[in-house]
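Have a look at the structure below before the remarks.
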Amino acid sequence: MSEEYLSRGYLTVEELKKIHPLPSEERLRKKPVAVPECPQEIPCTPCAEICPVNAISMPTPNDLPKVNYEKCIGCSLCVQICPGLAFFMVQYKDDKARVTMPYELLPVPKRGDEVILLNRRGEEIGEGKVVLVIPREKSIGDTNVITVEVPIELAWEARAIKVKEVRE
Ligand code: SF4
Ligand code: SF4
């Protein structure tokens with residue numbers, strides 16, 4: 001597989017699927033499931049160490065993390081702790097999807113805020129609504145974690161958000 005993404009700086013969905021097959025639609029409709037977007041073999045293990053149900057396998061610290069989707073309970077601890085901001089969770093609900101992602105910018109959005117959705121290239125691709133915020137102070141890592149409701153067709157594209165207006 002081409003490793004063009006390392007110089008490009010982001011993965012395409014097709015590249016992601018080759019690194020880590022995506023969960024089935026049936027699984028995505030059960031409950032949130034974690035998917036790592038971590039393509040570089042570097043010695044890093046916090047995600048595997050924090051998982052309370054051993055759903056993340058990594059035979060050696062240099063291996064890429066692999067998630068057993070049937071074991072994952074959707075707790076978001078891997079999203080909270082990943083220093084590379086490389087873990088996400090996705091859940092399908094009717095014609096919407098919920099994407100859980102790290103968020104390190106200011107202002108931190110609050111629940112109910114309408115936000116602009118960005119793809120992995122930072123391009124605006126639509127709008128979504130924040131449905132959950134775990135602020136940095138309550139996160140086990142150093143990042144805020146937010147869950148955004150997005151149109152289901154953007155479930156594998158929306159990977160960041162932009163707050164619409166800076167509040168006073
Ligand atoms: S969401 Fe929780 S259970 Fe699922 S892989 Fe991450 S840490 Fe493990
Ligand atoms: S903690 Fe993050 S960067 Fe480190 S191996 Fe896990 S997914 Fe990759």
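The values are calculated or read from the model by the stated rules, or taken from the named source; none is laboratory data. Note that the structure is predicted; figures quoted are calculated from it, not measured. Because the Cβ atoms are built from the backbone with ideal geometry, glycine has one as well, and the counts that use them run over all protein chains shown. Protein only, heavy atoms only, side chains kept; ligands, DNA and RNA dropped before computing areas. Shrake-Rupley method; radii C 1.70, N 1.55, O 1.52, S 1.80 Å.
Of the helices (runs of 4 or more DSSP H) that lie entirely inside segment 24-115, those containing 1 or more residues that are touching a residue at least 40 places away in the same chain (Cβ under 8 Å) and within 16 Å of residue 160 (Cα to Cα) span 77-81. In this structure, residue 154 qualifies as farther than 27 Å from residue 48 by Cα and within 16 Å of the chain's Cα centre (by Cα). Looking at (1) within 26 Å of residue 97 (Cβ to Cβ); (2) at pLDDT 95 or above; (3) away from ligand 1 (no atom under 15 Å from the Cβ); (4) not hydrophobic (A, V, I, L, M, F, W, C), which is the one condition that is false for residue 62? The failed condition is (1).
Only one of the numbered conditions (1) within 19 Å of residue 30 (Cα to Cα); (2) basic (Lys, Arg); (3) surrounded by fewer than 17 Cβ atoms within 10 Å (Cβ to Cβ); (4) in contact (Cβ under 8 Å) with a residue 40 or more places away in the chain is not met by residue 121, and that is (1).
I'd like the full set of residues that are near ligand 1 (Cβ under 10 Å from one of its atoms) and open to solvent by 40 Å² or more (accessible area, probe 1.4 Å), limited to segment 67-85. Give the derivation first.
At the first step, the residues of segment 67-85 found to be near ligand 1 (Cβ under 10 Å from one of its atoms) are 67-69, 71-82.
Listed by number, the residues that qualify are 68, 71, 73, 75, 77, 81.
When only residues in segment 57-96 that are within 14 Å of ligand 2 (Cβ to nearest atom) and polar (S, T, N, Q) count, which is nearest to residue 20 (Cα to Cα)?
Within segment 57-96, the subset within 14 Å of ligand 2 (Cβ to nearest atom) is 57-67, 72, 76-89.
Next, from what is left, pick out any that are polar (S, T, N, Q): 57, 60, 62, 76, 80.
Details: 57: 12, 60: 17, 62: 16, 76: 18, 80: 20 Å.
Only one residue fits best here, namely 57.
Of all residues in segment 98-114, those satisfying the criterion of being out of contact with any Cys (no Cβ under 9 Å at 6 or more places or on another chain), under 22 Å from residue 10 (Cα atoms) and surrounded by 13 or more Cβ atoms within 10 Å (Cβ to Cβ) are 98, 99, 100, 101, 103.
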